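Engineer: This is the structure I have questions about; it appears just below.
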Amino acid sequence: MDGTVFTAEEKDAAKKLGISARLLRLLRGRGLSDGDIPGFLQPSLSALSSPYDIFGMREAAERVRRAVENREKILIFGDYDCDGICAISILMLALRAKGADADYFIPNRLTDGYGMNVGALERIVAHRRPDLVITVDCGITAVEEAEYLRAQGIDLVVTDHHEPQEKLPDCIVADAKIDRGRGFSDLCGAGVALALVRALFGDEYKKYLDICAVATIADVVPLVGDNRIIAYYGLKMCAESPRRGIKILAGSEKLTSQDVMFRLAPRINAAGRLGSAMKAVGLFLDEDYFMLKTLAEELERDNARRQEICEQVVADAKRALRGIDFDRTRIIVLHDASWEAGVLGIAAARLVEEFKCPAVLFSGDGEEYKGSARSVKSVNIFELLSRHSGLYTTFGGHAQAAGVGMLAANFARFKEEVERDVAEHYPAEDFLPADVCDMRLAPDEDFLSLAKELELLEPTGYGNPKPVFEMEESGMKFERIGFGPHVKYAGGGLELVGFSRFSQLAGTTRGRTAVEFSLGVGCFRNRVYAQGILRSVSALTVEIDDAQARLMCLHQLRRTGAGKVGRAGIADARKWARGKFGTAFVVFTQAEYERLLADVPECAGLPVFVGAQKWLNPATCVVFAPSAQFEFAYFGRVVIAGRPLSAGYAPYIAERTAECLSLYGEEAAPPCVTDQKIRAAFVAFDLMARRKEHARTPHDLAAAVRAQAKLTAEEYEISRLILEDLGLISVSDRGIITVSRQKTDLGQSAYYQNVRHQQ
């Protein structure tokens, strides 16, 4: 989509709406009609659907109202995630404000499992003896539990937003997913609870919009329609009159959707993922500053521990997936008895993001396994797993997320069946990575005015994502930010920032490049500017001189291996290039890349990664000067179409992939540096350190040392790597050099050994 040329009709329609033609085109591209746009950009609480549009809401409200009026004991039973915690908090605050005798219960994830269960209800009946139980964010499958409560003479009202099963509980049910034509089908659990408060107490619901906004954003429901209205006014409430608990936990008064998603929600979720979530409700119910401060600190510690555990699960899963055959298996199904059940959903979401396919992770070392599933947009995970429901003990979820319990004896059959199901029902194209852009921009756009106008789209999130733009430009050059791993490009009124995974681009990008980025307004030292955050960088034409390319490949000098490298023919290479998954073609210089395109023209249509890959999905691709972090382990085949710098590099790759082949059978192209040059480099670094000089950028440092020691660019980089490897020099992120003058044998460096071995 061209972002620079607009039709007369677009210009006229945009003028009538008071927006730019660019924004009009973007909103139309998201399916909004011109009549919908004003209400979308300026949401109104009066546009909320009636709470009675939710199936069963009238009956639910009548029973709860009777309980409040008669001073019956009410017990709210909720889920242990952020949505459930927020839903409980909304009902507790609203009911207690009307003098109701209300209490709440959240099952322990580790001992009670998900949702209602008879064991938990027995404890509730024994110790609290409620007259009415109200579920929030759970209960739609609680058939047995409803029967138990009825036998005890206790009424049950289920409020939920999950997909119903064939049989509903024998009680009052208000579920947003039943009778979808009535509206509200995409509400989260807290959204249904808020609708119940609207049905009970009218405008009193406005007091709890902030809590509901947190749940709406955290539960990743579409931020359109009623959800957008709730999130919009809830965040506005956080800014104008922030609830004390939210303010303390967030660490700021102004809360954005990104703050909720990446700071607030993980900390609220952390308590329930590692044990009991009961304490997290206090974030919304308590008013005492010191109690809230203590709670926030506990949630912070819980979240830090959750992050550590989650990282371990993801690392374990990635190791297990090395060598995954995407031509046969396009769903990840793994089990590990050591995994914490509470982090499986987060870990599964991480794997989905990186591998671009559904993931189902299980834990448990007894008779029953507990699992969490997440999915890509093209695969409705609830529908997929529903086709195998006979294997489960428990099951529930949404289009993109689900929870599963099954007997350990059924796991192998489940894995086999869902793998076959995905292969039969979903085409390979559904799993090819693709970055979806809202609009293509020209390099001469007014980026700042666009960035300011995009603020009208907030709050952004699932269903209303932050727009992603594409721009093509020739000769883009990314510079390293200080001495850290991040890079930036500045030109044409736009500053693009790429974080650590783009570090390989520093000083190297040449040719025509396509960049994908989100856009916002940056401010530094009173300067307001358009700032983009890089999502991906693709080489449309690679034009990197061979000397620069060799510098990008110097990390090879540390790699040695003993894997077997075979030979490949041109005909086979052309066949593999036509395949959708499994093959990575590797080149190290511009000349090698051009030769590959001439001999294997099918490679011209493949994605080209310069240095780093954008994802772990093994879609067939060309890799130009792969970085040290490039993950070859997920490709079934690596075809080396060039001369590495180290003789041990190809065997190193061969140890990490099922098949490593050389297309041309060429020997390594060794670099060259003398001991004298290395010592001269050390003297130059030492001189700068003694003078307490430091450089502003890596480029400045290289220029100063090269000038002093009379080194070529390659000699400088190899010398620096050897000296750093030996611990003789180090450079801080501010360019400050420290030097160890301890006498050291150069031969102790793996870089040095590899260089000398090849000379």
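Engineer: If E287 satisfies all but one of (1) within 25 Å of the chain's Cα centre (by Cα); (2) in a loop (DSSP other than H, G, I, E, B); (3) of a type in the set (D, E), what's the number of the condition it fails?
Structural biologist: Condition (1) is where E287 drops out.
Engineer: Shifting gears a bit: Being without any contact (Cβ under 8 Å) to a residue 60 or more places away in the chain and within 28 Å of A341 (Cβ to Cβ) is true for just one of R243, R263. Which residue is that?
Structural biologist: R263
Here's the yes/no breakdown for (1) of a type outside the set (A, V, I, L, M, F, W, C); (2) touching a Leu at 6+ places or on another chain (Cβ under 8 Å); (3) free of Cβ contacts under 8 Å to residues at least 60 places away in the same chain; (4) on the phi < 0 side of the Ramachandran plot:
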{"position": "E473", "(1), (2), (3), (4)": "yes, no, yes, yes"}
{"position": "F502", "(1), (2), (3), (4)": "no, yes, no, yes"}
{"position": "A506", "(1), (2), (3), (4)": "no, no, no, yes"}
{"position": "R512", "(1), (2), (3), (4)": "yes, yes, yes, yes"}
{"position": "G522", "(1), (2), (3), (4)": "yes, no, yes, yes"}
{"position": "G532", "(1), (2), (3), (4)": "yes, yes, no, yes"}
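Engineer: If you go through the range 275-284 one residue at a time, do you hit one that is among the aromatic types (F, W, Y) and modelled with pLDDT of 90 or more?
Structural biologist: yes
Engineer: Let me ask something additional. Consider the range 17-58. How many of its residues are charged (D, E, K, R) and in contact (Cβ under 8 Å) with a residue 40 or more places away in the chain?
Structural biologist: 5
Engineer: Name the pairs: first residue in the range 132-152 and without any contact (Cβ under 8 Å) to a residue 60 or more places away in the chain, second residue surrounded by fewer than 17 Cβ atoms within 10 Å (Cβ to Cβ) and assigned to a helix (DSSP H, G or I), Cβ to Cβ under 7 Å, at least 6 apart or on different chains?
Structural biologist: Hits for this filter: E144/V118; E145/V118; Y148/V118.
Engineer: If only one of A193, A231, A174, A213 is in the same structural domain as M261 (by TED's automatic domain parsing), assigned to a helix (DSSP H, G or I) and more than 22 Å from D259 (Cα to Cα), which one is it?
Structural biologist: Only one candidate passes the filter, namely A193.
Engineer: Continuing with the same structure: Need the failing condition index for I124 against (1) surrounded by fewer than 24 Cβ atoms within 10 Å (Cβ to Cβ); (2) closer than 16 Å to V158 by Cα, just the number.
Structural biologist: (2)
Engineer: So in the range 422-436, with the set limited to residues that are out of contact with any Lys or Arg (no Cβ under 6 Å at 6 or more places or on another chain) and assigned to a helix (DSSP H, G or I), which one is nearest to D325 (Cα to Cα)?
Structural biologist: Applying the filter and picking the extreme gives A423.
Engineer: Which residues, counting only those in the range 219-244, are modelled with pLDDT of 90 or more and small (G, A, S)?
Structural biologist: Across the range 219-244, the qualifying residues are G225, A231, G234.
Engineer: Moving on to the next point. Within the range 245-259, identify whether any single residue is farther than 21 Å from G282 by Cα and out of contact with any helix residue (DSSP H, G or I) (no Cβ under 6 Å at 6 or more places or on another chain), and answer yes or no.
Structural biologist: Yes; the residues of the range 245-259 include at least one that is farther than 21 Å from G282 by Cα and out of contact with any helix residue (DSSP H, G or I) (no Cβ under 6 Å at 6 or more places or on another chain).
Engineer: Taking the range 437-481 as the region of interest, how many residues are aromatic (F, W, Y) and either within 19 Å of D226 (Cα to Cα) or not in a strand (DSSP E or B) (or both)?
Structural biologist: Looking only at that region, the number is 2.
Engineer: Out of contact with any Pro (no Cβ under 7 Å at 6 or more places or on another chain), assigned to a strand (DSSP E or B), closer than 17 Å to G115 by Cβ and aromatic (F, W, Y): which single residue out of F382, F395 fits that description?
Structural biologist: The conditions single out F395.
Engineer: For the range 184-203, state whether one or more residues are touching a Pro at 6+ places or on another chain (Cβ under 9 Å), more than 28 Å from G520 (Cα to Cα) and basic (K, R).
Structural biologist: yes
Engineer: Take the residues in the range 19-40 that are assigned to a helix (DSSP H, G or I) and of a type in the set (A, V, I, L, M); name whichever of them is farthest from A451 (Cα to Cα).
Structural biologist: I37
Engineer: To continue, here is another question. Scan the range 730-759 for residues that are within 25 Å of P670 (Cβ to Cβ) and surrounded by fewer than 21 Cβ atoms within 10 Å (Cβ to Cβ) and jot them down.
Structural biologist: T744, D745, L746, G747, Q748, A750, Q753, R756, H757, Q758, Q759
Engineer: Could you check, for the range 743-753, whether at least one of its residues is free of Cβ contacts under 8 Å to residues at least 40 places away in the same chain and aliphatic (A, V, I, L, M)?
Structural biologist: No; the residues of the range 743-753 include none that is free of Cβ contacts under 8 Å to residues at least 40 places away in the same chain and aliphatic (A, V, I, L, M).
Engineer: Just checking, does the range 161-169 include any residue being modelled with pLDDT under 95, under 19 Å from E458 (Cβ atoms) and assigned to a loop (DSSP other than H, G, I, E, B)?
Structural biologist: Looking through the range 161-169, none of the residues is modelled with pLDDT under 95, under 19 Å from E458 (Cβ atoms) and assigned to a loop (DSSP other than H, G, I, E, B).
Engineer: Moving on. Exactly one of (1) touching a Phe, Trp or Tyr at 6+ places or on another chain (Cβ under 8 Å); (2) assigned to a loop (DSSP other than H, G, I, E, B) is unmet by I737. Its number?
Structural biologist: Answer for I737: the failing condition is (2).
Engineer: Yes or no: A591 closer than 25 Å to K564 by Cα and touching a residue at least 24 places away in the same chain (Cβ under 8 Å)?
Structural biologist: no
Conditions tested, residue by residue: (1) in the same structural domain as A195 (by TED's automatic domain parsing); (2) in a loop (DSSP other than H, G, I, E, B); (3) modelled with pLDDT of 95 or more; (4) closer than 22 Å to A146 by Cβ.
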site	(1), (2), (3), (4)
E59	yes, no, yes, yes
A67	yes, no, yes, yes
F77	yes, no, yes, yes
A120	yes, no, no, yes
R123	yes, no, no, yes
P130	yes, yes, yes, yes
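Engineer: Then there is this: Using the structure shown, decide if L361 is surrounded by 24 or more Cβ atoms within 10 Å (Cβ to Cβ) and under 15 Å from V404 (Cβ atoms).
Structural biologist: Taking the combined requirement at face value, the residue satisfies it.
The values are calculated or read from the model by the stated rules, or taken from the named source; none is laboratory data. Owing to the predicted nature of the structure, the values given are computational and were not obtained by experimental measurement. Reconstructed Cβ throughout: ideal geometry from the backbone, glycine too, with neighbour counts over all protein chains shown.
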